Amino acid sequence: MRDDGRASSVARVRVLGPTAAWDDDGARIDLRGPRHRELLARLVAAHGRVVPVASLVDDLWGDSPPVRAVGTVRTFVADLRAALEPARPARSPARVLVTEGSGYALRLPDSAVDAWRADAAVAGSVDAPAERVVRALGPVVADWPVDAYPDVADRAWAGPEQVRLAALRATAVERLVGALTETGRADEAVTLATPYVGASPWREEGWRLLALALYRAGRQADALDVLRRARAVLRDELGLDPSAALTGLEADILRHDPRVRGPEDVFRRVADDSLRVLGPGSRARLETTVSMLRRMAVSAPAPAEPHEDLLAAGTAAEELGDPALTARVLGGFDVPSVWPRSDDPERSGQLAALAGRTLAALPDDAAPTARARLHVLAAVETRGLPGTSGRAHAEEAVRLARELHNPALLCSALGALAVHTCSRAGLAAERDRIGAEIIPLARTHDLPTPEVQGLLLRLQAAGALGRPDDGDALAREIEAVSARHERPRAPVLVAWYRAMRAAQDGAPDAADRFALADRTLRGAGMPGVADGLLPLALLGLDMIRGRTTEVATDGWGPYAPWVRPLAVARGGDPDSAWTLLDGLADPPPGLLLEALWCVVAQAALETGHDGAADRARAALAPARDEVAGAGSGMLTFGPVADWLARLGC
């Protein structure tokens, strides 16, 4: 049924899920009783065709209709008309639920009925370019539950339509998985295909597409395992041999046949560090490029300038004047972080501003997923900055992801929230709760990158909360998961954790372990983490050992303002140190917030600066039961309670 341009008050009807309708303002329409809803569902199943009254009587009551069944149907129709067209003048002809001959038909555009919209989207995706398939089927599949007409599933008329829609949904999912894989979004394809294959294990095409997506996501071993599981299911449960498509894919993967590789030109650009703005009109390439940047960011040992390339691609998309495209380009990066400081603060600010402009420019009917991903990006790129805007973005992303029941998006949103849970001291338990929610969600839905992020969040929290046994177990788990899924930077952070544990245990070679971990970190492409970290770790080591050695005045990176008063005081100029403490700003939000307050406290104690000591005491008090600095999982300044005792609290 095509849109004939006629207006009505009903904006949306749902049968993919319990039957319901909403008006133009988004308010739910009261459809009266279950028979009224069944009548509406039956007319939807007819897809605009006339259903005779006699057929409606049979469909609603079967072999036992009431005496006045025809009159009752007409009453139901009148009630539904009043509900669907409340503003229709009396005695004027109906325009939504119309009478034709001896029956009734529903006259709505395809866009107003979810099942009709799904029909149209699948039909329109036949032989379409992959990018168009993603745009057409992505929103439809996201809102398409497994069961259609669930509230009338026992009705004979509903059975054939349920079977048809189930087959149509399978086609839509498989077509979308294939298109995501072809456009470089293999990780998204894996997320979509994994539960689908679990629910439809006898559809060979689902197994094939999942294996191909895993291979293009850089997970060859997992791809081969999927193909072997498919063979076992087909053999053991159906007594069938796998098709030539499955066996051929397995052979192609084993020999790395070019036919199953991803877009080589994009990989080459990223690998050569030569990716730059693509020309106007290259919409699919822009999205594919960012997807490749994401893959390199999580899998390459040291990705080159991802922020520069992402900003270039996002700016190019913005210049095309299509906010939805810009949202997809920016949302395609989605690289989680456990360090609440950007590697490139200037470009992070530009990206956050671009995300904000895109959010403002998106039309009201834009996909909620696109909005949520922009909120995630804005939150991640404003981490480590004062203020509440970044956390507000993260909280909105979490809200949207929960409403959408989107596990991958929820993991991203929770990760963005985690980097904003260090605005004050003493929030390690909150970060631990976030990590504890991410891990099972990621494991259930086969999301290795969020799984590693959740484990790292809990590792950091274990350090802050003084749980070394938990931390040691998490470190081993992170190494195993990272090796299995090729996440090379997580083990670098584990090396720092082990150096921190050596310092806590009083190991004589703790300083050497910090130095070795630092050399590994500096080759991992994480300058925002590495800059100034080693000298701060060694300063913490000296403090927990009770040493008061001279402190260098340079090499502290972003931590210099809070170390300089102590360096100046120990260099023999307490008056200048006092002046520095007088004008010292609070340390920025971050996992080293407590550590920097300890440095300030030490300078205040050595110079007798009561004002700075009072500030440090007030700031550290909420973290009384935590270990200063250990929330980073990388260094330690000892128990906060000890520092509060020195400060007279």
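What whole-number volume per residue, in cubic angstrom, does the convex hull of the C-alpha atoms of the range 353-475 give? Mind dumping the intermediate values first?
Working: hull volume 11.9 nm³, N = 123.
Taking only Cα atoms, the range 353-475 has a hull volume of 96 Å³ per residue.
Put +1 on the Cβ of every Lys and Arg and -1 on every Asp and Glu Cβ in the chain; which of A613, V492, P558 then has its Cα farthest towards the positive end of the dipole?
Comparing the listed Cα positions along the dipole, V492 ranks first.
Per the Kirkwood definition applied to all pairs of different Cα atoms, how many angstroms is the hydrodynamic radius of the chain? All intermediate terms of the calculation are to be shown ahead of the outcome.
Working: mean 1/r = 0.0358 Å⁻¹.
Final number for the Kirkwood radius of the chain is 28.0 Å.
For the chain, give the magnitude of the charge dipole about the Cα centre (Cβ charges: +1 Lys/Arg, -1 Asp/Glu; no others), in debye to the nearest 20.
1340
Residue by residue through the range 62-78, what is 3J(HN,Hα) from phi via Karplus (6.51 cos²θ - 1.76 cosθ + 1.60, θ = phi - 60°)? Round to whole Hz and write x for glycine and proline.
Rounded to whole hertz, the list is x, 7, 10, x, x, 4, 9, 4, 4, x, 5, 4, 5, 5, 4, 4, 4.
Out of the total accessible area of the range 426-582 (probe 1.4 Å, heavy atoms of protein only), what percent is carbon and sulfur?
Details: 3310 of 6500 Å².
With neighbouring chains kept in place, the figure for the range 426-582 is 51 percent.
Can you give the accessible area per residue of the range 315-443, in Å², using a 1.4 Å probe? Can you show the working numbers first?
Details: 4980 Å² over 129 residues.
In whole numbers, the range 315-443 has 39 Å² accessible per residue.
Of the options T449, V13, I439, report the single residue whose Cα projects farthest towards the positive end of the charge dipole of the chain (beta-carbon charges: Lys, Arg +1; Asp, Glu -1).
The Cα lying farthest towards the positive end belongs to V13.
May I ask you to evaluate 6.51 cos²θ - 1.76 cosθ + 1.60, the Karplus curve with θ = phi - 60°, for each residue of the range 618-631 and list the ³J(HN,Hα) values in order in whole Hz, giving x for glycine and proline?
Result, rounded to whole Hz: 5, 5, 7, 3, x, 9, 3, 8, 10, 9, 4, x, 6, x.
For a test of the definition: using alpha carbon positions, the gyration tensor, and the 1.5 limit on a/c, classify the range 167-227 as rounded, prolate or oblate.
On the way: a/c = 2.17, a/b = 1.25, b/c = 1.73.
Judged from the Cα gyration tensor, the range 167-227 comes out oblate (a/c at least 1.5, b/c at or above a/b).
List every residue whose amide H lies under 5 Å from the amide H of V113, counting only residues 5 or more places away in sequence or on a different chain, with H placed 1.01 Å from N in the peptide plane.
Amide H neighbours of V113: V13.
Note the per residue figure in Å³ for the convex hull of the C-alpha positions in the range 207-246. Before the final figure, lay out each step's value.
On the way: hull volume 2.0 nm³, N = 40.
Considering the Cα atoms of the range 207-246, their hull volume per residue is 49 Å³.
Per the Kirkwood formula on distinct C-alpha pairs, the Rh of the range 436-545 is how many angstrom?
On the way: mean 1/r = 0.0688 Å⁻¹.
For the range 436-545, inverting the mean 1/r across all distinct Cα pairs yields 14.5 Å.
What translational D, rounded to a whole number of µm²/s, comes out for the range 371-443 from Stokes-Einstein when the hydrodynamic radius is the Kirkwood one over Cα pairs, at 10 °C and 1.306 mPa s? It would help to have the intermediate numbers written out before the result.
Values: Rh = 12.0 Å.
So the translational diffusion coefficient is about 132 µm²/s.
Quick check: convex hull over the Cα atoms of the range 378-418, volume per residue in Å³, rounded to an integer? Numbers along the way, then the final one.
Working: hull volume 2.0 nm³, N = 41.
Convex hull of Cα atoms, per residue: 48 Å³.
Counting alpha carbon pairs within less than 8 Å and at least 6 residues apart, what relative contact order, in whole percent, applies to the chain? Provide the component values of the computation, followed by the final result.
Values: 1014 pairs, mean separation 53.8, N = 649.
The value is 8 percent.
How about the range 57-87: which trypsin sites (Lys or Arg not before Pro) there lie in a loop by DSSP and see at most 15 other Cβ atoms within 10 Å?
Numbers: sites: R68, R74, R81; in loops: R68.
Sites meeting the loop and neighbour criteria: R68.
In whole Å, largest first, what are the principal axis extents of the Cα atoms in the range 438-497?
Computed over the Cα atoms, the extents are 31, 21, 13 Å.
Considering the options P65, G124, S111, tell which one lies farthest towards the positive end of the dipole of the range 1-145, charges being +1 on Lys and Arg and -1 on Asp and Glu at the Cβ, about the Cα centre.
Toward the positive end, the furthest listed residue is P65.
So who's got an amide H within less than 5 Å of the one on L97, skipping anything under 5 residues away but keeping other chains? H placed 1.01 Å off N, in plane.
HN-HN under 5 Å from L97: R107.
Using the Cα atoms of the range 514-649, I'd like the radius of gyration and the largest Cα-Cα distance, Dmax, both in angstrom.
14.2, 43
Run the numbers for E204 and V126: contour at 0.36 nm per residue of separation, minus the present Cα-Cα distance, in nm. Please report the intermediate quantities before stating the final value.
Details: separation 78, 0.36 × 78 = 28.08 nm, distance 1.97 nm.
Extra length available between E204 and V126 comes to 26.1 nm.
Let me check I've understood the local charge: for W61, count other residues with C-beta under 11 angstrom from its C-beta, Lys and Arg +1, Asp and Glu -1. What total comes out?
Working: positive: R35, R155; negative: E38, D58, D59, D63.
Result for the neighbourhood of W61: -2.
With an 8 Å cut-off on Cα pairs and a minimum separation of 6 or more residues, tell me the relative contact order of the range 525-649 in percent. It would help to have the intermediate numbers written out before the result.
Working: 164 pairs, mean separation 27.3, N = 125.
So the answer I get is 22 percent.
Quick one: what are the phi-derived ³J(HN,Hα) couplings along the range 528-533, Karplus 6.51/-1.76/1.60 with θ = phi - 60°, whole Hz, x for glycine and proline?
Each residue's phi maps through the Karplus curve to give x, 8, 6, 4, x, 6 Hz.
What percent of all Cα-Cα pairs in the range 9-132 falls into each 10 Å bin, going from 0 up to the bin containing the maximum distance?
With 10 Å bins starting at 0, P(r) equals 12, 42, 31, 11, 4, 0.
Specify the inter-centroid distance of the range 87-155 and the range 321-371, based on alpha-carbon positions, in whole Å.
Between the Cα centre of the range 87-155 and that of the range 321-371, the gap is 32 Å.
Quick one: Debye curve from the alpha-carbon atoms of the range 510-577 only, equal weights, vacuum; give me log10 I(q)/I(0) at q = 0.12, 0.23, 0.28, 0.29 Å⁻¹ to two decimals.
-0.34, -1.02, -1.25, -1.28
With a 1.4 Å probe and all protein chains left in place, how much of the accessible area of the range 89-199 comes from carbon and sulfur atoms, in whole percent? Write out the running numbers ahead of the final one.
Numbers: 2630 of 4650 Å².
C and S fraction of accessible area: 56 percent.
Could you give the size of the charge dipole of the range 40-92 about its Cα centre, using +1 on the Cβ of each K and R and -1 on the Cβ of each D and E, expressed in debye and rounded to the nearest 20? If you can, show how the numbers build up before the last one.
Details: 7 positive and 5 negative charges, 58 e Å.
About 280 debye.
So what does the Cα-only Debye profile of the range 92-213 read at q = 0.16, 0.23 Å⁻¹, as log10 I(q)/I(0), no solvent term?
For the requested q values the scattering log ratios are -0.82, -1.35.
Going by amide H atoms built from the backbone, whose H comes under 5 Å of the H on L240, apart from near neighbours?
Amide H to amide H, under 5 Å and 5 or more residues apart or across chains, L240 pairs with R235.
Semi-axes of the range 569-649's equivalent ellipsoid from the Cα gyration tensor, sqrt of 5 times each eigenvalue, largest first, rounded to whole Å? Before the final figure, lay out the partial values.
On the way: eigenvalues 90, 35, 25 Å².
For the range 569-649, the ellipsoid semi-axes come out as 21, 13, 11 Å.
In debye to the nearest 20, how big a dipole does the range 420-536 give about its Cα centre with +1 on each Lys and Arg Cβ and -1 on each Asp and Glu Cβ?
For the range 420-536, the charge dipole is close to 160 debye.
The values are calculated or read from the model by the stated rules, or taken from the named source; none is laboratory data. Because the structure is predicted, anything quoted here is derived from the model rather than measured. Heads up, the Cβs are rebuilt from the backbone with ideal geometry, glycines too, and the neighbour counts pull from every protein chain shown. Areas reflect the complete protein model, heavy atoms only, side chains present, ligands, DNA and RNA absent. Shrake-Rupley method; radii C 1.70, N 1.55, O 1.52, S 1.80 Å.
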